[in-house]
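S.K.: Structure provided below as structure tokens; questions to follow.
The values are calculated or read from the model by the stated rules, or taken from the named source; none is laboratory data. Worth saying up front: this structure is predicted, and the values here are computed from it rather than measured. Neighbour counts run over all protein chains shown; Cβ positions are idealised from the backbone, glycine included. Note: accessible area is taken over every heavy atom of the protein model, side chains too, but ligands, DNA and RNA are not part of it. Shrake-Rupley method; radii C 1.70, N 1.55, O 1.52, S 1.80 Å.
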Amino acid sequence: MDQVVAIIKNNNAVTPVIGAVLLVILTVLLAGAVATIVVSTGSILSSSTPVAMIEVNDAVGYGSGYKDNVVSLEHKGGDPLDLDSTFVVLSGEGSSYVGKVGDGGFMAYGHVTVKYFDLTPEGSFFTYISNNPCIDDGLWSAGEVLVLDGDDSINGTDASTVHVSVDGYSDTSNNYGFKDGGTVTVKIFDSFTDRVICEDVVNVRPFE
């Protein structure tokens, strides 16, 4: 009888220990499964967002044409930015041409939003390529200056990675100019994470 009581007492002592061990194992397995799902779906991307400081060196309004409108951006330090996964948004008061250049059309004035969806030279107008010899390696690195011009769309009419809208109206020729004395807000995005890498605001000076 004493032996039976001893066995019962031992079982009562072992059961909570086994339960605790199983609970720990289950917690570890669930944590691993959740981590695997989150990583596989791309929810944890903050570590992959580039860290860089981009500063607007200069912004010049259009003089005799949109080709005179220039926004100069300098990579001041941090991670090199892949040109095919970095896009730039410029916004400020100005204008864009509507219609086929040289074949009738009109100037639309208002709040201009310019989106450079692709900074690579492929498919870009020669103005953009000639202004930016630093992009040949596919990276925008510290110390390099990127020059954006009002005529950077392929020819102002064909499909382009430069998209321009005025007060939300997007059927423009994708060329642009910012108003003298106004300001331009520049935002640099990482397209993989859709997060802002940096932002800057600059005054637009008159073309000389």
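S.K.: Given the condition closer than 29 Å to Val51 by Cα and surrounded by 17 or more Cβ atoms within 10 Å (Cβ to Cβ), answer yes or no: does some residue in the range 98-111 qualify?
M.R.: no
S.K.: Just for strands (runs of 3 or more DSSP E) wholly inside the range 84-155: which have at least 1 residues that are among the aliphatic types (A, V, I, L, M), in contact (Cβ under 8 Å) with a residue 12 or more places away in the chain and farther than 19 Å from Ser170 by Cα?
M.R.: Output list reads 145-149.
S.K.: What about Val56, is it closer than 17 Å to Ile154 by Cβ, modelled with pLDDT of 90 or more, surrounded by 11 or more Cβ atoms within 10 Å (Cβ to Cβ) and among the β-branched types (Val, Ile, Thr)?
M.R.: No; evaluated as a whole, the condition is false for this residue.
S.K.: Of the numbered conditions (1) under 17 Å from the mean Cα position of the chain (by Cα); (2) modelled with pLDDT of 90 or more; (3) open to solvent by less than 50 Å² (accessible area, probe 1.4 Å), Thr161 fails exactly one; give the number of that condition.
M.R.: In the conditions (1) under 17 Å from the mean Cα position of the chain (by Cα); (2) modelled with pLDDT of 90 or more; (3) open to solvent by less than 50 Å² (accessible area, probe 1.4 Å), Thr161 misses (2) alone.
S.K.: Please go through the range 164-202 and pick out each residue that is open to solvent by 40 Å² or more (accessible area, probe 1.4 Å) and in a strand (DSSP E or B).
M.R.: Tyr169, Thr183, Lys187, Arg195, Val196, Glu199, Asp200, Val201, listed by residue number.
S.K.: Going by what's in this entry, would Asn203 be described as touching a residue at least 24 places away in the same chain (Cβ under 8 Å) and under 14 Å from Lys67 (Cβ atoms)?
M.R.: For Asn203, the condition - touching a residue at least 24 places away in the same chain (Cβ under 8 Å) and under 14 Å from Lys67 (Cβ atoms) - is not met.
S.K.: Which numbered condition in (1) among the β-branched types (Val, Ile, Thr); (2) under 19 Å from Asp84 (Cβ atoms); (3) modelled with pLDDT of 95 or more is the only one that Thr120 fails?
M.R.: Result: Thr120 passes all but (3).
S.K.: Any residue that is small (Gly, Ala, Ser), more than 21 Å from the chain's Cα centre (by Cα), within 28 Å of Asn203 (Cβ to Cβ) and surrounded by 16 or more Cβ atoms within 10 Å (Cβ to Cβ) - is there at least one of those in the range 68-89?
M.R.: No, the range 68-89 has no match at all.
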